[in-house]
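Each remark here refers to the structure printed beneath this line.
No lab work stands behind these numbers, since they all come straight from the coordinates. Remember, predicted model here, so these are calculated numbers, not experimental data. Cβ sites come from the backbone with ideal geometry, for glycine too, and all protein chains shown count toward neighbours.
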Amino acid sequence: MPVAAVVLAAGMSRRMGRPKPLLPIGAAPMVARVVETIIAAGGVWPLVVVTGHERERVMSALPVQPVEFVHNADFERGEMLSSVQVGVRAVAGRAGAALLALADQPAVTPEIVRSLVNAWRESAAPLVAPLHDGRHGHPVVIAAELFAELLDLRPLDTLNTLVRRHESRRLEVPVADAAVLADVDTPEQYEAVLQDFALNV
């Protein structure tokens, strides 16, 4: 079964003060960088982007990318779990697992994505997560055997509710790159990402 990708790009970006998926990293918006990384990793399909806040602008930021869009109508009230459920519902029945990626992690590399997907293909573990310096990060891979349980989680639950239930079965993939821990929530974090990007261009 294929591995799908679900890119979470629905949030309100309250701490940033402007839509994070649309912030430029070089010549491309952040969400486009994330999508390009997943495509470059290869072997991940379908690729679904979950929209919410600034839906039309996020869709316009990916005009030529081979992606599907699904909308989280509850993006204002719902937490991240609601977007995860919308995305997983869109790929259920079409994939053996889903790679859950954050639209505000532009520094994650194709190599990281590939290592997580390959780890799942080799192990069929219900959960696969990157591990850096003793801490778990993103993206994560969730096997289809957990989709129904994930979709049954209640609004007050979080994705960690599911992770805790199956923690003993989680496969940890050691990753040397701290990018798996670094999302972009504040203007200061965004400036740091821009500086790193400029150094690596």
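What translational D, rounded to a whole number of µm²/s, comes out for segment 123-167 from Stokes-Einstein when the hydrodynamic radius is the Kirkwood one over Cα pairs, at 20 °C and 1.002 mPa s?
188 µm²/s
Taking trypsin sites (Lys or Arg not before Pro) as candidate sites, keep only those in a DSSP loop with at most 13 other Cβ atoms within 10 Å, then name the longest stretch of the chain containing none of them.
The answer is 78-201.
Please give the length that would be gained between residue 59 and residue 131 if that part of the chain were fully extended, namely 0.36 nm times their separation in residues minus their C-alpha to C-alpha distance (nm, one decimal).
22.8 nm
For the chain, taking Cα atoms only, what is the radius of gyration to one decimal and the Dmax to the nearest whole Å?
15.6, 44
Out of all DSSP beta bridges with both ends in the chain, state the antiparallel percent to the nearest 5.
30 percent
Put a dot 7 Å past each Cα toward the Cβ at residue 76 and residue 198; how far apart are the dots in nm?
3.8 nm
Quick one: Cα centre-to-centre distance for segment 146-201 and segment 1-19, in angstrom?
Centre-to-centre (Cα) distance: 11 Å.
Pull out the extension gain between residue 28 and residue 151, defined as 0.36 nm times the separation in residues minus the alpha carbon to alpha carbon distance; nm, one decimal.
Stretched out fully, the residue 28 to residue 151 stretch lengthens by 41.0 nm.
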